[in-house]
Amino acid sequence: MSSDALDTEVDLDAIVDRTFIGDVGIPSGAELLAFATAVHDTNADLEAARDDLATAVGIDGLIEAAATVSVFNGLVRVADGTGIQLDEGLQTFSHDDRSRLGIDEYAGAVNTTGIGRGTRVETIGEMFG
C-alpha cells in the first residue's frame, strides 16, 4: 500500500449515506461505492458499475471487490442471525460514532441490549430471505 493511501482521510458520513455516490477519500472510491450499491440495488446498472470498476482498478481489483461484497453480505447475515453482540467496552467506545452514523438503526443492532430497535431473526429463512 502506498504512503498516499495511508494518509487519505475517509469521510465516514458519506460512506454510510445510501444516496451518496462520490469521492469519500478512498482511491477509486466512487467506482467501488457505485459497484457495491449496484450489487444490492435492483434498479442500478450493475454491468456498467462493474465495467467502470474494472477500468479503475483492473480485473483483479474487480474480483477482489466482488469477493469482498459477497463475503461481507454473508458475514453480516450470519452475525445478525446468530445474535452477535457488541461487548460492553465497544458499545461504550463506539456510542457517539454509531449514533452519528445511524448504525444503531441497522437490523443487526437489535442483538445488542439497549441499542437495537428491530426484530431479531429466528430462522435461517429470515436470515437469507
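At a glance:
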read-out: For the range 58-108: accessible area per residue (Å², 1.4 Å); value: 69 Å²
read-out: For the range 56-62, Karplus couplings with θ = phi - 60° (6.51, -1.76, 1.60), whole Hz, Gly/Pro x; value: 6, 10, x, 5, 5, x, 4
read-out: Integer Hz, Karplus 6.51/-1.76/1.60 couplings in order for the range 100-115, x for Gly and Pro; value: 4, 8, x, 5, 5, 8, 5, 4, x, 5, 4, 6, 9, 3, x, 10
read-out: Accessible area, probe 1.4 Å, largest first, for residues 19, 82; value: 19, 82
read-out: ³J(HN,Hα), Karplus 6.51/-1.76/1.60, whole Hz, each residue of the range 37-49, x for Gly, Pro; value: 5, 5, 4, 9, 10, 5, 8, 7, 8, 4, 4, 5, 5
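The values are calculated or read from the model by the stated rules, or taken from the named source; none is laboratory data. Bear in mind that the values here come from a model prediction, so they are computed numbers and not experimental data. Surface areas here come from the heavy atoms of the whole protein model, side chains and all, with no ligands, DNA or RNA. Shrake-Rupley method; radii C 1.70, N 1.55, O 1.52, S 1.80 Å.
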